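The values are calculated or read from the model by the stated rules, or taken from the named source; none is laboratory data. Computed from a predicted model, the values in this text were never measured in an experiment. Neighbour counts run over all protein chains shown; Cβ positions are idealised from the backbone, glycine included.
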Amino acid sequence: MKKILVIALLMLIGFSGAYAVGTVAGTQVQNSVTLNYAVGGISQTAINANDGSGFLVDNAIDFTVANNDGAQITVTPGDTGKITNWTLANTGNAAQYFTLASTNLTGGESIYSHADTANTSTPYTITYSTDGGSTYNPYTGAFQLAIGASVLIRVSADIPLSVVNGDVMNIQLEATATDSGGTALTATSGSDTIGSVDIVLAEGAGVSTQGNTQYDGKFSAWGGYIVESANLSVTKTSCIISDPVNSTTNPKRIPGAVLRYQIQVANTGTSDATSVTVVDTIPAEFGTSATNLDVRTAACPAISSGVCGAKTGTVETNAGTTGAGTSSVTLDYDGVAAGATNCGYIEVIIQ
């Protein structure tokens, strides 16, 4: 009798782990199948098969660096220890060691709508926090981040005295995936090796233009500083008040003539200037005749045909002057506010 075999096949696939983004590197994945069938309507013994030891999930190294400030940090010339804030996050599928490096940008690169125009002092001081910012540890070399973990990072820089109002000092923070000793990791070359954990560099490039590319085991971000400072200028002019022959009518600069020096200090910066003083060494031709010293909160008056105009503004009440009747005068402007112009006055007699 001819037998007709009706075979029903059902494959049931089982995993010791599911292959998906986020599966931990080194996880052993095994695939087994069960073959069920019937002969003549009678179920037969199931047949099992598997892929032996399966394979190990490879290490997809992925991470990001971001600046947290949202804008350049405001600084003044000579500031020390000014901090920028960053986050490094391990988004790969294995605990990973990282090193950090911070550098000045040098090619006019722009972040937060401000292009780089100057450099901070170096080296930088880098610290990092694993507890959300409660404590910061000195960065001394490679450190490890667990899967999904992140650290807060501070980069501290000193600001040169040479920078001026409006200067922008953009910097880069770059993280590199390394082994525990700080040696940069490289991608496993060639074909997949089933029985070992291969390395795949899966990170993006960040924003670097300084040799950092996608899938090179590095990630960079930019932040920086912007200078808000006083921007002072000083202008000295002289005019004649009177002489012993012509009095105040078309006076000339002859012995006995009274001259006025006008010393104008203007602040075109965005910050107030404080403790502003001007020291004037009086020439011997005037002897010790310096008198009528004061500072006023207005620009110096115009000079017409060499003749002095009337003083304007009010006397700077917090300022002081010294040196009347001597050969060295100090005018104390106290503070000159951002956008303000003040004028100091010294009268002398030609000997």
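The table below lists the values:
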| item | result |
| --- | --- |
| Evaluation of residue 190 against (1) in the same structural domain as residue 268 (by TED's automatic domain parsing); (2) modelled with pLDDT under 95 (one fails), failing number | (1) |
| Positions within the stretch 217-247 being closer than 30 Å to residue 70 by Cβ and either touching a Leu at 6+ places or on another chain (Cβ under 7 Å) or in a strand (DSSP E or B) (or both), in sequence order | 217, 218, 219, 220, 221, 222, 223, 224, 225, 226, 227 |
| Yes/no for residue 91 being surrounded by fewer than 16 Cβ atoms within 10 Å (Cβ to Cβ) and touching an Asp or Glu at 6+ places or on another chain (Cβ under 7 Å) | no |
| Residue selected from the stretch 114-126 under the condition within 13 Å of the chain's Cα centre (by Cα) and in a loop (DSSP other than H, G, I, E, B), by the criterion surrounded by the most Cβ atoms within 10 Å (Cβ to Cβ) | 120 |
| Residue identified as assigned by TED's automatic domain parsing to the domain that holds residue 237 and over 20 Å from residue 257 (Cα atoms) among 321, 288 | 321 |
| Every pair of residues 6+ apart whose Cβ atoms lie under 9 Å, when the first sits in the stretch 231-258 and is on the phi > 0 side of the Ramachandran plot while the second is in a loop (DSSP other than H, G, I, E, B) and modelled with pLDDT of 95 or more | 256/244; 256/245; 256/350; 256/351 |
| Residue in the stretch 276-289 that is surrounded by fewer than 17 Cβ atoms within 10 Å (Cβ to Cβ), within 25 Å of residue 230 (Cβ to Cβ) and without any contact (Cβ under 8 Å) to a residue 12 or more places away in the chain present | no |
| Count - residues of the stretch 314-339 that are small (Gly, Ala, Ser), surrounded by fewer than 18 Cβ atoms within 10 Å (Cβ to Cβ), at negative phi and out of contact with any Leu (no Cβ under 7 Å at 6 or more places or on another chain) | 6 |
| Identity of the residue in the stretch 194-205, of a type in the set (Val, Ile, Thr) and part of a strand (DSSP E or B), that ends up farthest from residue 65 (Cα to Cα) | 199 |
| Residues of the stretch 38-65 classified as buried (at least 16 other Cβ atoms within 10 Å of the Cβ) and of a type in the set (A, V, I, L, M, F, W, C), total | 7 |
